[in-house]
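For reference, the structure is listed below as structure tokens.
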Amino acid sequence: ILLEQDLHNALANNEFYLDYQPQVNLKSGAIESVEALVRWQHPNRGFVSPEIFIPIAEECGLIIPLGKWILETACQQAKQWEEQGLPPIKVAVNLSLGQLFQQDLVEMVGEILQRSKLDAHYLQLEITESMTMNIDQMTQLLHELKALGIQIAVDDFGTGYSSLSYLKDFPIDCLKIDRTFVRNVQHNPNDEALVSMIISMAKHLRLKVVAEGIEEVEQLSFLMEGGCDYIQGYLFSRPISPQQISETFHDLH
Ligand code: G
Ligand code: G
Ligand code: MN
Ligand code: NA
């Protein structure tokens, strides 16, 4: 309850910020996209994990203004990198369940794109399978979002209870293989089979595939051989500040 009160002040007091984790194209080795991840530096408690405060923000409704702030900040940042002369970087932003039920979500995303002047193609929204929404409603919402020109990714793919049939109906661009599958991929034949299957399925559906949580070189080799498109994980980079993203590009060129 205390945390809930603090959360309300945190937006006004500028206590939130975003870090960005690079996603590396396995064929070219280039960073083509980054995932925005929200952080909260509490004045007394120090760092509070989004695993703690996002669910609280969902419960108390703060997710709506916070989600808007996250989207706006991420789009402005992507535009700023472009203006700094960096190669184009796509920014992926996690959506919360509460935001899917936000009446003016599509309108808000459109306005944020206009205000930031970011080309819609460089925004990707991440949804998860566990976001329980009526399949027709979800299909329509995703089509409206797609009409803005943005990309849609399914996060934590394979961990939800949903059937695969939604893959036919949802206008999605990308699957993100959950890190629980990747973790033991070089030791557990079941994980190996599942990861291979997801990559192969994504190819057949003409979806891009990102493997999350890559920490070891052996995992990387497996994914490269398997034809995975992108990797995201501590092996390459932790989530880092916008400044560090710029520096990474300057170091690479
Ligand atoms: O970045 P980290 O691994 O600490 O994130 C923990 C969890 O919080 C992950 O499930 C992640 O998806 C979620 N999370 C991080 N940033 C955001 C955000 O900006 N919006 C939403 N909705 N969830 C986020
Ligand atoms: O649920 P979602 O996929 O949005 O969560 C992303 C979270 O995964 C981020 O909080 C990020 O900090 C975390 N993460 C990213 N790479 C790794 C990794 O290699 N290992 C682990 N354990 N976590 C990671
Ligand atoms: Mn994510
Ligand atoms: Na994930």
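Quick note: the coordinates plus some simple rules give every number you see, no bench work behind them. Quick caveat, the model's predicted, so the values are computed rather than measured. So basically every Cβ, Gly included, is an ideal-geometry build from the backbone, and we count neighbours across all protein chains shown.
The string of couplings for segment 47-59 from the Karplus curve (6.51, -1.76, 1.60, θ = phi - 60°) is 6, 10, 6, x, 4, 7, 8, 5, x, 5, 5, 4, 5 Hz, one whole number per residue in order, with x for Gly and Pro. Counting only Cβ charges, +1 for Lys and Arg and -1 for Asp and Glu, the dipole size of segment 117-186 around its Cα centre is about 180 debye.
Counting every C-alpha pair in the chain, the share spaced more than 34 angstrom apart comes to 15%.
Rounded to the nearest 20 Debye, what is the dipole magnitude of segment 32-177 about its Cα centre when Lys and Arg each give +1 and Asp and Glu each give -1 at the C-beta? Don't skip to the answer; put the middle values down first.
Working: 10 positive and 20 negative charges, 61 e Å.
In debye, rounded to 20, segment 32-177 gives about 300.
Expressed to the nearest 5 percent, the antiparallel share of DSSP beta bridges inside segment 60-171 is 0 percent. Tell me which of Q99, T248, S28 sits at the most positive position along the dipole axis of the chain, charges placed on C-beta atoms (Lys, Arg +1; Asp, Glu -1). Farthest towards the positive pole: S28.
Roughly how big is segment 2-252's charge dipole about its Cα centre, with Cβ charges of +1 (Lys, Arg) and -1 (Asp, Glu), in debye to the nearest 20? Spell out each step's value before the answer.
On the way: 17 positive and 35 negative charges, 81 e Å.
Result for segment 2-252 is approximately 380 debye, rounded to the nearest 20.
Taking amide H as placed 1.01 Å from N in the peptide plane, the amide H of E126 sits under 5 Å from that of V93, N94, L95, A153, each at least 5 places away or on another chain. Restricting attention to the chain, close to 40% of DSSP beta bridges with both partner residues there are antiparallel. Stokes-Einstein diffusion of segment 23-159 at 37 °C, 0.692 mPa s viscosity, Kirkwood radius from Cα pairs, rounded to a whole number: 206 µm²/s.
Each residue, I52 and K117, gets one label point 7 Å from its Cα in the Cβ direction; the gap between the two is 4.0 nm.
Quick check on segment 7-100: take the gyration tensor over C-alpha atoms, sort the square-rooted eigenvalues as a ≥ b ≥ c, and tell me if it's rounded (a/c under 1.5), prolate or oblate. Spell out each step's value before the answer.
Working: a/c = 2.07, a/b = 1.93, b/c = 1.07.
Taking the square roots of the gyration eigenvalues as a ≥ b ≥ c, segment 7-100 is prolate.
Checking the Cα-Cα distances for K79/K203; K27/K203; K90/K117 against a 23 Å cut-off, the pairs over it are K79/K203. By the gyration tensor of its Cα atoms, with a ≥ b ≥ c the square roots of the eigenvalues, what is the shape of segment 136-218: rounded for a/c under 1.5, prolate for a/b over b/c, or oblate? Verdict is prolate for segment 136-218. With the charge dipole of the chain set up from +1 on Lys and Arg Cβ and -1 on Asp and Glu Cβ about the Cα centre, the Cα lying farthest toward the positive end among the listed residues H121, L145, F222 is that of H121.
For segment 199-212, backbone phi angles converted through the Karplus equation (6.51, -1.76, 1.60; θ = phi - 60°) give residue-by-residue couplings of 4, 5, 4, 4, 4, 5, 8, 6, 10, 6, 10, 10, 9, 9 Hz, Gly and Pro being listed as x.
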